[in-house]
1. Output yes when any residue across the range 83-90 is farther than 16 Å from Met1 by Cβ and among the β-branched types (Val, Ile, Thr), and no when none is.
2. Which one of the conditions (1) surrounded by fewer than 24 Cβ atoms within 10 Å (Cβ to Cβ); (2) in contact (Cβ under 8 Å) with a residue 12 or more places away in the chain does Ser35 fail to meet, given that it meets all the rest?
3. Of the residues that make up the range 100-120, is at least one within 11 Å of the chain's Cα centre (by Cα), closer than 23 Å to Thr21 by Cβ and either modelled with pLDDT under 85 or hydrophobic (A, V, I, L, M, F, W, C) (or both)?
4. If we scan the range 52-70, do we find a residue that is in contact with an Asp or Glu (Cβ under 7 Å, 6 or more places away or on another chain), modelled with pLDDT under 95, surrounded by 17 or more Cβ atoms within 10 Å (Cβ to Cβ) and not hydroxyl-bearing (Ser, Thr, Tyr)?
5. For the range 71-99: of the residues being touching a Ser or Thr at 6+ places or on another chain (Cβ under 8 Å) and among the small types (Gly, Ala, Ser), which is modelled with the lowest pLDDT?
6. Considering only residues that are under 22 Å from Asp93 (Cα atoms) and among the charged types (D, E, K, R), look in the range 26-64 and name the one that is farthest from the chain's Cα centre (by Cα).
7. Quick one: count up the residues across the range 9-27 that are under 16 Å from Asp133 (Cα atoms), in a strand (DSSP E or B) and of a type in the set (A, V, I, L, M, F, W, C).
Amino acid sequence: MRIMAVDPGEVRIGIAISDPTGTIASPLTVVVHVSRPVDAALIAGLARQYEAGLIIVGQSLDEDGRSTPQSRRSSHLADAIREQCDLPVQMWDESFSTQTARQARLEMGVPRHKRRGHLDELAATVILQSYLDSKAGN
């Protein structure tokens, strides 16, 4: 089963998708935020197009595991996605996903001038791979 991950941001939303076996995460696209209903409809459409069976929405928690204003926005987006499709939508801790994506670019030797710009789809990939890895042993 393919799984889609969403890294919600205030300006851009990163989207990643797994392979059909649900083992490997890959970047898919970046969606420019318009409004919650429009974003949710677009995400639901991508999930249908790529035949995802589950949507993971990244949620940033504080160091004590409590919700933050950003995590509440993520939760509202997840609710809006649920209204747009009948796929299960699950929240997943995205803490440090952008920093991990940035570090991955460094480790891959990407030149400084190519490291500029957004990391949204890479952060979504980090979120999704984290989820897939956590389920691999189950």
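The values are calculated or read from the model by the stated rules, or taken from the named source; none is laboratory data. What you see is a predicted model; the values in this text were computed from it and never measured. Don't worry about glycine lacking a Cβ; one is built from the backbone with ideal geometry, like all the others, and counts go over all protein chains shown.
1. No.
2. Ser35 satisfies all of (1) surrounded by fewer than 24 Cβ atoms within 10 Å (Cβ to Cβ); (2) in contact (Cβ under 8 Å) with a residue 12 or more places away in the chain except (2).
3. Within the range 100-120, none of the residues are within 11 Å of the chain's Cα centre (by Cα), closer than 23 Å to Thr21 by Cβ and either modelled with pLDDT under 85 or hydrophobic (A, V, I, L, M, F, W, C) (or both).
4. Looking through the range 52-70, at least one residue is in contact with an Asp or Glu (Cβ under 7 Å, 6 or more places away or on another chain), modelled with pLDDT under 95, surrounded by 17 or more Cβ atoms within 10 Å (Cβ to Cβ) and not hydroxyl-bearing (Ser, Thr, Tyr).
5. Across the range 71-99, the extreme among qualifying residues is Ser97.
6. Asp64
7. 3
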